[in-house]
Amino acid sequence: MLQGEDLTAFPAEFDPERPSAARVYDYYLGGASNLKVDRDFGKKVLEVLPEARDYALYNRAFLRRTVRYCAANGIRQFLDIGSGIPTVGHTHEIARQIDPVCRVVYVDNEPLAVAHSELLLTDNPNAAAVHADIRNPGAVLGAAETKRLLDFDEPIAVLMVALLHFVPDADDPKSLLKRYHSALAPGSYLVMSHVTDEGLNLRVGAAAEMYRTTDRPACVRDREQITELFDGFELVEPGVVLTPQWRPDSPTESVDPSRAAALGGVGRKVI
Ligand SMILES: C[S@@+](CC[C@H](N)C(=O)[O-])C[C@H]1O[C@@H](n2cnc3c(N)ncnc32)[C@H](O)[C@@H]1O
């Protein structure tokens, strides 16, 4: 984790003046890997959208449940793109609780997130971190660590959790997804969550607007647009829903789905 706020500890591309979406998310989650510039920005977002913290916590719980679901359905390899700063309950920790042989490749284009992941994974032969951009599938799929750990002839769960709202229509997310889809063996899964304004409308838009000043401008999509991103994958029940509504651990879980600000789902590649 961060050594205080020692900027010399950061990789070269690090910009201390600009909030980082990865570190602001860490702040919402109550993590320690964020700087004053991120906390100040996060506080301003919370003034506009008090649900932002619930969004992050519910999203993280969605990640936990979906990884467990995939592992319970036989998946032993995970490609977690936009994995963020490792925090408690990272994908390899959840997956190895089901089966220690699970292999995980983390991918992020934020250098600090990758540096943290590398540190965390030292001495872990079954997991690795790759510095790459989802918009460059060749770099993600062709990275040495991806090739070393993942067998694309066998089913893989690809995670794009709280990621694709950072990929605007101008970058053609649908074509990108086709590229990832075509690299996967039948029986693979796509796990996705995405910011939406469903139920919270204008306030989510205002918060997304604020992200223009961060390193990762964000865009909001509706249920139909998010569902379209699963093209080619067969949605497993209950389909695309507000994140807390996706197979909750118990019906009495004390969450308020209307505060989720994100929709999520899991799709299976059948052929
Ligand atoms: C909100 S965090 C989500 C972290 C984790 N997936 C989770 O759900 O808990 C989004 C992450 O996506 C990363 N990201 C944004 N745009 C990206 C891109 N084009 N390629 C790869 N990673 C990206 C950010 O750096 C950040 O770490």
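The charge dipole of the stretch 15-268, taken about the Cα centre with unit charges on the Cβ atoms of Lys, Arg (+1) and Asp, Glu (-1), comes to about 240 debye, rounded to the nearest 20.
In the chain, taking the dipole from charged Cβ atoms about the Cα centre, the farthest positive-side position among Ile226, Phe78, Pro238 is held by Pro238.
Per DSSP H run of at least 4 residues, take -39500 (n - 2.57); add these up for the chain, divide by its residues and hand me the 222 nm value, nearest 500 deg cm²/dmol. Write out the running numbers ahead of the final one.
Values: 10 runs with 99 residues, N = 271.
About -10500 deg cm²/dmol.
Rounded to the nearest 20 debye, the dipole magnitude of the stretch 131-271 is 220 debye, with +1 charges on Lys and Arg beta carbons, -1 on Asp and Glu beta carbons, and the Cα centre as origin. Classification of the chain by its C-alpha gyration tensor yields a rounded form. The axis ratio a/c (a ≥ b ≥ c) stays under 1.5. Once all protein chains are placed together, Arg268 keeps about 90 Å² accessible to a 1.4 angstrom probe.
What FRET efficiency comes out for the pair Glu209/Arg135, r = Cβ-Cβ distance, R0 = 25 Å, nearest 0.05? Mind dumping the intermediate values first?
Numbers: r = 22 Å, r/R0 = 0.88.
That pair, Glu209 with Arg135, gives E of 0.70.
Let me know the number of lysine pairs in the chain closer than 23 Å at the Cα, not counting same-chain pairs under 8 apart.
Details: Lys36/Lys44; Lys147/Lys178; Lys147/Lys269; Lys174/Lys269; Lys178/Lys269.
Lysine pair count for the chain: 5.
Spacing of the modelled spin labels on Lys43 and Arg68, each 7 Å from Cα toward Cβ, amounts to 3.6 nm. On the chain, 51 percent of the accessible area sits on carbon and sulfur atoms, based on a 1.4 Å probe. With a 1.4 Å probe and every protein chain left in place, work out the accessible area per residue of the chain in Å², rounded to a whole number. Result: 44 Å² per residue.
So how strong a dipole does the stretch 14-139 carry about its Cα centre when Lys and Arg Cβ are +1 and Asp and Glu Cβ are -1, to the nearest 20 debye? Can you show the working numbers first?
Working: 15 positive and 16 negative charges, 75 e Å.
Result for the stretch 14-139 is approximately 360 debye, rounded to the nearest 20.
In the chain, Cα pairs under 8 Å separated by at least six residues give a relative contact order of 19 percent. Beta bridges assigned by DSSP with both partners in the stretch 15-268 are antiparallel in approximately 40 percent of cases.
Express in nm, to one decimal, how much length is gained between Lys178 and Asp249 on full extension, taking 0.36 nm for each residue of separation and deducting their alpha carbon distance.
Working: separation 71, 0.36 × 71 = 25.56 nm, distance 3.13 nm.
Full-extension gain reported as 22.4 nm.
Mean sequence separation of contacting Cα pairs (under 8 Å, at least six apart), scaled by the length of the stretch 1-153, corresponds to a relative contact order of 18 percent. Full extension of the chain between Ile98 and Asp256 yields a length gain of 54.1 nm, computed as 0.36 nm times the residue separation minus the alpha carbon distance.
The values are calculated or read from the model by the stated rules, or taken from the named source; none is laboratory data. Please read all numbers here as calculations on a predicted model, not as lab measurements. Note that each Cβ is placed from the backbone with ideal geometry, even for glycine, and that neighbours are counted across all protein chains shown. Calculation scope for accessible area: heavy atoms of the full protein, side chains included, ligands and nucleic acids excluded. Shrake-Rupley method; radii C 1.70, N 1.55, O 1.52, S 1.80 Å.
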